[in-house]
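Since the structure comes first, as C-alpha cells, the remarks are kept for the end.
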Amino acid sequence: MKITDLKCTILGSNPVIRITTDEGICGWGEAESSKHYLKSHVLFYRDLILGEDPTNVERVMLRIRRMGSFKPWGSAVSAIEMALWDIAGKAAGVPVYKLLGGKVRDKVRVYNGAVRFPMNGQAPEDYAESMARMKACEEGFSIIKQGVGFHGPMIKEDPSRFFGEVQGGRGLTRGLLTERGFHHVIDCVRAMKEVLGDEVGLALDCGPGFMVPDAIRLARALEPLNVMWLEDMITGDYTPYVLADLYRDVTMSSSTPIHTGEQIYLRQNFVDLIEKQAVNIVGPDPADVGGIAELKWVAEYADLHGILMAPHGVFDGLIGLAALVQVCATLPQNFIAFEYPTGNPAWWYDIVEGLPDRIVEESMIEVWDRPGLGVEIIAEEAKQYLPEGDEDFFD
Ligand SMILES: [Mg+2]
C-alpha cells in the first residue's frame, strides 16, 4: 500500500487531516480547535510521506518526527500519526488498540474539561454554582477540572487581586501572588469541594506562571481538600520547555499530586520529569505529543517510575476523541482518565459516524471495535462546512 495524498482542511476550527492511499483506504487525523492556522504546516510534510507504506507507521514517522516541536508545532506530526494508525487498522481489519498491544480495559474513564456553563463572576459562590451544574451533567463525570489562579477567567477578571498587572497574552502571566490572590484561590477551591464532596474528584488547572514558593504553599494549603491534581503550575500550555527541577521542588514538598505535560512534544522531553520523579502525573495530548503510539510510550515509561497518566484532550475534537479512546484502552494501570473533547460547533456530531449515541455514561466510554480509529467523516454531510478553496478535500 502506498500513500497517494495528504490533505488538510479546517472544519469548524479544527484542522482535519486526510491521508489517501492507492488501495482506496483513507485515514483521518485531527488537531486542536485552537489551531485553525495549521493547514500550510500540515502540507509541509506531504512530499516527505508520499509513496510510503502507511501501515509501516513507525517508518513513516521517522521521516517527519524530528521536524516538529512543542505545542503548537507538534500538532501536524501528531495528527498525521493518528491518520496512519487509522489506515493501518482499517487495512488489517482491526481497531487501532489491537495494533498497540490490545486493550487492557473495555471502558475508558474521562474527566470533564470541556463541558462548561457561563459563570456570573469569579467569586467562590460562582465557582460553586458552576461546579453544581457540571456535577449534574448527563455524562456523570467522576472528575471535573477547573481553571484557577493564572489559568482561565479568574486572573482576567481582576489581575490586581493576584499581582497588579497582567503582562498580556497566553503564557505571559507570571509572578509572585499577592496574599489576597492566594486566599481567593483557596476560597474558590473550598467552595467547589463543598459541592463535589467525595463523590466527584476536583482537578485544578493553575498556570503556567506560579513561582516555586507559591506553588509549594498552594499545594500544602490544599492538602486537607484532597484535590485530584494541580496542573501546569510552573510550565505548561504553550511553554516550549519543561523545567523539571523546579517541578521536583514542588512535588517533593507536598502530598498534593502535581501534574503537567500537555504542551510537551515527544517521549524524550518527558525523560527528566519521569526519571527525576518531578511530577506525580503526566498529561500528554495525543494531538501534540507526536501521536498515539508516542503517548503510549510515555505512559509505559511513567508507569515504570510510579507516575500516573491523565492525558489532555479538551480541544481535540471527535476524531481526536476516537484516538484517545483507542490509545487509552491500551495504557497500563497508571491511567486515571483522559480529558473528554466535545464536537464544536454541534454540527460535528452530524458529520461523524461511528460514535455511540450516548458517548459518556457514568464518566466512562465503552471502547468500540470498528476497524481503525472507528470513526468516519461523512463527506456528504461535511461538504457544506468546507472552507472556500477546499471543495476537493473529499475527492
Ligand atoms: Mg492544562
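If you go through the stretch 107-162 and pick out every residue that is under 30 Å from residue 332 (Cα atoms), within 16 Å of the ligand (Cβ to nearest atom) and outside any loop (DSSP other than H, G, I, E, B), you end up with 8. The criterion of at least 1 residues that are among the hydroxyl-bearing types (Ser, Thr, Tyr) is met, among helices (runs of 4 or more DSSP H) falling completely within the stretch 312-395, by 348-351. Restrict the check to the stretch 242-257 and report whether at least one residue is closer than 28 Å to residue 96 by Cβ, basic (Lys, Arg) and away from the ligand (no atom under 16 Å from the Cβ). Taking every residue of the stretch 242-257 in turn, none turns out to be closer than 28 Å to residue 96 by Cβ, basic (Lys, Arg) and away from the ligand (no atom under 16 Å from the Cβ). Just one of the listed residues (73, 28) is in a loop (DSSP other than H, G, I, E, B) and among the aromatic types (Phe, Trp, Tyr), and it is 73.
Is there a residue in the stretch 327-336 that is more than 17 Å from residue 97 (Cβ to Cβ) and within 16 Å of the ligand (Cβ to nearest atom)? Taking every residue of the stretch 327-336 in turn, at least one turns out to be more than 17 Å from residue 97 (Cβ to Cβ) and within 16 Å of the ligand (Cβ to nearest atom).
So that you can scan it fast, the table gives a plain yes or no per residue for (1) more than 20 Å from residue 285 (Cα to Cα); (2) touching a residue at least 40 places away in the same chain (Cβ under 8 Å); (3) in the same structural domain as residue 342 (by TED's automatic domain parsing):
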residue	(1), (2), (3)
19	yes, yes, no
34	no, yes, no
42	no, no, no
47	yes, no, no
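Determine, yes or no, whether residue 364 is touching a strand residue (DSSP E or B) at 6+ places or on another chain (Cβ under 8 Å), within 16 Å of the ligand (Cβ to nearest atom) and hydrophobic (A, V, I, L, M, F, W, C). Spelling it out, it is not the case that residue 364 is touching a strand residue (DSSP E or B) at 6+ places or on another chain (Cβ under 8 Å), within 16 Å of the ligand (Cβ to nearest atom) and hydrophobic (A, V, I, L, M, F, W, C). When the stretch 197-217 is examined, which residues are found to be away from the ligand (no atom under 16 Å from the Cβ) and either surrounded by 21 or more Cβ atoms within 10 Å (Cβ to Cβ) or of a type in the set (D, E, K, R) (or both)? Across the stretch 197-217, the qualifying residues are 198, 199, 200, 214, 217.
Residues of the stretch 287-326 that are away from the ligand (no atom under 15 Å from the Cβ), in contact with a strand residue (DSSP E or B) (Cβ under 7 Å, 6 or more places away or on another chain) and either over 20 Å from residue 375 (Cβ atoms) or at pLDDT below 95 (or both): 298, 299, 302, 307, 308.
The values are calculated or read from the model by the stated rules, or taken from the named source; none is laboratory data. Small disclaimer: the values here were computed from a predicted structure and weren't measured. Note: ideal-geometry Cβ built from the backbone for every residue, glycine included; neighbour counts use all protein chains shown.
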